[in-house]
Amino acid sequence: MELKDAIKKRHSTRNFSDKTIPNKIVLEIIEYAHLAPSAGNLQSRDFIIVNEDDIKEKLSEAALDQKFIIEAPINIIVCANLNRVSPYGIRGKELYCIQDATAAVEHILLLAKDYELNTCWIGAFDEKKYQKYLVYQLILDLLR
């Protein structure tokens, strides 16, 4: 798909296929997210892939009960990494890391559209609950 077509055709949806997304595609999406612009090339963002139904359910609840989160085959959580952007002081922590994460999200959305995958950018959630559930997810990943 041409870039202009991906931009025109991309839209938020809350309907997802139950098909499994191959790891190769997920890893490529993350690879391209890393290519997004980044202040000082510090890459002040991290990515967490969630495909466990129990974690998706908890994330859904923490996102104001947006149930479609559970239906998505995977959730890609983009986290601003405040420590990594510390050389820029308060401006880095309040602005640059948010910009870095946002640019990465746009790359994710466009590459997903290139693979004809539906996406929805979610901004409404309880950050404290998300942190709690994502730490749990990271621990599960480490134990595997």
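Cys97 satisfies every condition listed in (1) part of a helix (DSSP H, G or I); (2) modelled with pLDDT under 95; (3) over 12 Å from Asp46 (Cα atoms); (4) in contact with a strand residue (DSSP E or B) (Cβ under 9 Å, 6 or more places away or on another chain) except (3). Take Ile21 and decide whether it is of a type in the set (A, V, I, L, M) and either in contact (Cβ under 8 Å) with a residue 40 or more places away in the chain or surrounded by fewer than 15 Cβ atoms within 10 Å (Cβ to Cβ) (or both). Answer is yes for this residue. Of the residues in segment 101-117, at least one is crowded, with 16+ Cβ neighbours inside 10 Å and part of a loop (DSSP other than H, G, I, E, B).
The conditions of being free of Cβ contacts under 8 Å to residues at least 40 places away in the same chain, within 15 Å of the chain's Cα centre (by Cα), within 30 Å of Leu3 (Cα to Cα) and surrounded by 13 or more Cβ atoms within 10 Å (Cβ to Cβ) are met by Asn75. Considering segment 18-41, the residues that are in a loop (DSSP other than H, G, I, E, B) and within 18 Å of the chain's Cα centre (by Cα) include one that is modelled with the lowest pLDDT, namely Thr20.
The values are calculated or read from the model by the stated rules, or taken from the named source; none is laboratory data. Model, not experiment: these values are computed from the prediction. Neighbour counts run over all protein chains shown; Cβ positions are idealised from the backbone, glycine included.
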